[in-house]
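Visitor: First the structure, then my questions, so here it is.
The values are calculated or read from the model by the stated rules, or taken from the named source; none is laboratory data. Just so it is clear, the structure is predicted and the values come from calculations on it, not from any experiment. Note that we place each Cβ from the backbone using ideal geometry, even for glycine, and neighbour counts take in every protein chain shown. These accessible areas exclude ligands, DNA and RNA; they are computed on the full protein's heavy atoms, side chains included. Shrake-Rupley method; radii C 1.70, N 1.55, O 1.52, S 1.80 Å.
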Amino acid sequence: MPTEPNQDCPPPPVTKCDRDKNNNVWVEGYDPEHGVPGICLLDTLCDAQIIDILQRDEIARRDLKKVTSDAHLLELADTIPRLPETFEEDDQMKELGDNRAPPFYSIFRGQVGQ
């Protein structure tokens, strides 16, 4: 006998991180041994933010291809070019002895983009 859906239960959350979440920079707090699903950062970012990360972080690009089946995000990973690792201004600052910390490009675990 078919049952009616329970009106009191919300639908399961939809996430863009629908594939391999293990050791992936796009998923924070994932712990399958203790039943913790983790937070999919792709669900919290807009396209411009994802593009900015892909331009600067090859680990994020690689992990994006493993963590999602979303066709749009996979296309971004394949088509967004990487920015140069150094800029002329960076080299000039080094010559002048400017020892400021590198810019913060990454949202992942407080690390500067790779």
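Visitor: Considering only residues that are of a type outside the set (A, V, I, L, M, F, W, C), assigned to a loop (DSSP other than H, G, I, E, B) and surrounded by 10 or more Cβ atoms within 10 Å (Cβ to Cβ), look in region 23-38 and name the one that is modelled with the highest pLDDT.
Guide: The selected residue is Asn24.
Visitor: Considering every residue within region 39-52, establish whether at least one is farther than 18 Å from Ala77 by Cβ and open to solvent by less than 70 Å² (accessible area, probe 1.4 Å).
Guide: Looking for residues that are farther than 18 Å from Ala77 by Cβ and open to solvent by less than 70 Å² (accessible area, probe 1.4 Å), one finds none in region 39-52, hence no.
Visitor: Could we say that Ile107 is modelled with pLDDT of 95 or more, open to solvent by 40 Å² or more (accessible area, probe 1.4 Å) and not charged (D, E, K, R) here?
Guide: Judged against the criteria, Ile107 is not a match.
Visitor: Looking only at region 53-75, which residues are open to solvent by 20 Å² or more (accessible area, probe 1.4 Å) and either touching a residue at least 12 places away in the same chain (Cβ under 8 Å) or in contact with a helix residue (DSSP H, G or I) (Cβ under 9 Å, 6 or more places away or on another chain) (or both)?
Guide: Selection gives Gln55, Arg56, Glu58, Ile59, Arg61, Arg62, Lys65, Lys66, Ser69, Asp70, His72, Leu74.
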